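The values are calculated or read from the model by the stated rules, or taken from the named source; none is laboratory data. Values in this document were obtained by computation on a predicted structure and should not be read as measured data. For neighbour counting, all protein chains shown are included, and Cβ atoms are generated from backbone atoms with ideal geometry for every residue, glycine included. SASA here: full protein model, heavy atoms, side chains in, ligands and nucleic acids out. Shrake-Rupley method; radii C 1.70, N 1.55, O 1.52, S 1.80 Å.
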Amino acid sequence: MVDDEPEFEISEILDSKIDNRHRACKLLYLVRWMGYKGTDEETSWILATELRHATELVSDFHSAYPGKPGPLSRL
């Protein structure tokens, strides 16, 4: 629980993309969820704004893949 809201743990970030169908935040990350291995829910695309508690994972991803779309300061 974080700020009285359930929070699910991300094991790693797999990819990023810009999706112009979203108005407020166009940057999405493909994440692998901890504890969902082998299920349909193992990976999903989520908005960058939903990763505020995973800044280290975002930083590690962009260090490994500097050419991938990233936070607005990098675009």
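Assorted remarks:
- Within the range 3-10, at least one residue is modelled with pLDDT of 90 or more and open to solvent by less than 70 Å² (accessible area, probe 1.4 Å).
- Matching residues in the range 45-70 - criterion: being surrounded by 14 or more Cβ atoms within 10 Å (Cβ to Cβ) and not in a helix (DSSP H, G or I): Ile46, Leu47, Ala54, Tyr65, Lys68, Pro69, Gly70
- Close pairs (6 angstrom Cβ cut-off, 6 or more residues apart or separate chains): within 15 Å of Glu50 (Cα to Cα) in the range 14-34, crowded, with 16+ Cβ neighbours inside 10 Å and among the small types (Gly, Ala, Ser) anywhere: Cys25/Ala48; Leu27/Ala48; Tyr29/Ser16
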